[in-house]
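Here is the structure we will look at.
The values are calculated or read from the model by the stated rules, or taken from the named source; none is laboratory data. Values in this document were obtained by computation on a predicted structure and should not be read as measured data. Here the Cβ is made from the backbone with ideal geometry for all residues, glycine too, and neighbour counts use every protein chain on show. For the accessible areas, the whole protein counts, side chains as well, though only heavy atoms, and no ligand, DNA or RNA atoms are used. Shrake-Rupley method; radii C 1.70, N 1.55, O 1.52, S 1.80 Å.
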Amino acid sequence: MIYITGDTHGDFHRIEQFCEKVQPTSDDVLVILGDAGFNYFLDWRDQHMKKKIAKLPITVFSIHGNHEKRPETIPSYHSREWHGGFVFVEDVYPNILFARDGDVYDLDGKSTLVIGGAYSVDKYRRLTFGWNWWPDEQPSEEIKKKVENVLEARSWSVDIVLSHTTPLKYEPVEAFLPMVDQNTVDKSTEIWLDTIEDRLKYRHWYAGHYHTEKNIDKLSIMFESIREFTV
C-alpha cells in the first residue's frame, strides 16, 4: 500500500499512531508532501527523529519542503534508484527516502512527478533569530528546466503530481497567516507551477505547505490527514 500525508515538521506522532493501527511493512510507503523535518537542525535532534522513524515498519518517501536542507547537499546522503527514479538516502536510515525534484516515479503503477520546494514566509524571522534558512529552498532554474524537459519527453502527461506548494491559481488564500504581508512573499514558484498545470494532462495533484486540508478541482492540499494514495 501507498499512503500520503502533509507536512510533519518533525512531529511524527500521527505516523507512529498510524503504524500502530495499520501495521504496515517496509514494502508499504508513506509519502510526506514536504517539510518532513528530518534535516532542519542538522544536529543530534535530527538524528533522534530519524532513529525513531527508522524503527517504524514503513518506508517514508519525502519530497523537499522549505523548512529543511536539501539532502543532496548533505554529505551523509547518496542517491540510488527507486521505483524508476532516484532518491537520496542515508545508509543508517534506509527506510527514509527523499525524492529528487523532476523525477517521475512509478508508484503503484501511477506515473508520479515530484516538484519540491517553496518560499518561506518566515524567512526573515528565522534569519533574525539565527535559525536555519536555506537560499535554495525554491526550485532553481535548472530544476525548472529539468521538469519541463521531462514533461516534454512525456508529451506533457503524467498520472499524479506531488509538490510542496501549489500552482498560484490554487493557493488557499483563506489559510494565509494574517500577520504576513503577501506583497512581501516571493510567489515565483507558484507562478511557474501555474504554467506547468496549464499545459499538463494529469489525473490528480497533491500538495502540502499551507497547513490546511482542501480539495479543489483535481488538486488536494493535505496537512494532518493520512489517506491512501489514489487518483
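Worth pointing out:
- Residue 100 - accessible surface, heavy atoms, 1.4 Å probe, Å² rounded to 10: 80
- Taking all protein chains together and rolling a 1.4 Å probe, residue 179 ends up with roughly 140 Å² accessible.
- Entries of 146/187; 169/218; 144/187; 169/201; 123/214 with Cα pairs more than 18 Å apart: 146/187; 123/214
- Cα-based reach from residue 52 at 28 Å (exclusive), listing lysines while leaving out same-chain residues under 8 positions away: 21, 69
- Net charge dipole size for the stretch 18-76 [Lys, Arg +1 and Asp, Glu -1 on Cβ; Debye, nearest 20]: 200
- For the chain, the per residue solvent-accessible surface stands at 47 Å², with DNA, RNA and ligands left out and a 1.4 Å probe.
- Here is how the number arises for the chain: DSSP H runs of 4 or more residues each give -39500 (n - 2.57), the sum is divided by the residue count, and the result at 222 nm is -6500 deg cm²/dmol.
- When only alpha carbons are used to place a centre, the stretch 51-120 and the stretch 154-207 end up 20 Å from one another.
- The chain, dipole about Cα centre (Lys/Arg Cβ +1, Asp/Glu Cβ -1), debye to the nearest 20: 160
- Among 182, 172, 114 the positive-end extreme of the charge dipole of the chain (Cβ point charges): 114
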